[in-house]
Amino acid sequence: MNLKIVPFVAIPLILIAGHSEQQPIQTLLTQAQLPVVAAPQPSTQIQPPASPTTETQRLYLAGRRVSFVPPAGFTAMTPEEIALKFPQGTNQPQPVYANKRRTVSVAITFSQAQISPEQLPELKNFLPKFLELAVPGIKWITQGFTVINKVRWIQLDFISKAIDTNIHNDAYFTSFDGKMLGFNFNSTVEQYDAVKTELRKSRDSIIIR
């Protein structure tokens, strides 16, 4: 059976890689080339574990230091599916879990951009500007901070345009081991009200140790 995979907007999480010293967020953003194609990082952090089999199964990443519970029925997308859903010219997240039709997903990115917890306010101010350049026609819903299981995250909630539909992106960014970690809970706008509760349960399950 051929499945139609709706191309989503992949949030450009990898701003710049290979810095030995922490730099101001503005420097990172201005040095980043738009768009940026994100190749899979050579790290065990981005290797997806086995797909979940039950709603309560917790998935572990980054040496079991990052974990979350995906919505029921979500499975790991293949590299080919990720490349199609997050087209070239954007940063491709690793890993991604999605529903059977691949129209609702949780995309995770372990960026190489060096971000400290103290830099999160600066990052929160600059990421919207960065995204407005990378995502034409973006419609903002929320720009702010939230706390998930005692960890402070930037929340950017917005609508973006795909080829033949609109996408609701509820994205979160924080500092993990001195680098940027991002979760993007996204769905077609038409489906969002039906899946919002499950996506938020998944968001609230994120634990960083």
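Looking at T109, T142, just one residue is at pLDDT below 95 and either in contact with a Ser or Thr (Cβ under 8 Å, 6 or more places away or on another chain) or not in a helix (DSSP H, G or I) (or both), and that residue is T109.
Looking at segment 77-94, is at least one residue more than 20 Å from A162 (Cα to Cα), over 13 Å from the mean Cα position of the chain (by Cα) and surrounded by fewer than 21 Cβ atoms within 10 Å (Cβ to Cβ)? Looking through segment 77-94, at least one residue is more than 20 Å from A162 (Cα to Cα), over 13 Å from the mean Cα position of the chain (by Cα) and surrounded by fewer than 21 Cβ atoms within 10 Å (Cβ to Cβ).
Being within 17 Å of the chain's Cα centre (by Cα) and modelled with pLDDT of 95 or more narrows it down to one residue among V135, V147; which is it?
V147
The values are calculated or read from the model by the stated rules, or taken from the named source; none is laboratory data. As the structure is a computational prediction, the values presented were derived from the model and not from experiment. Please note: Cβ atoms are built from the backbone with ideal geometry, for glycine as well, and neighbour counts cover all protein chains shown.
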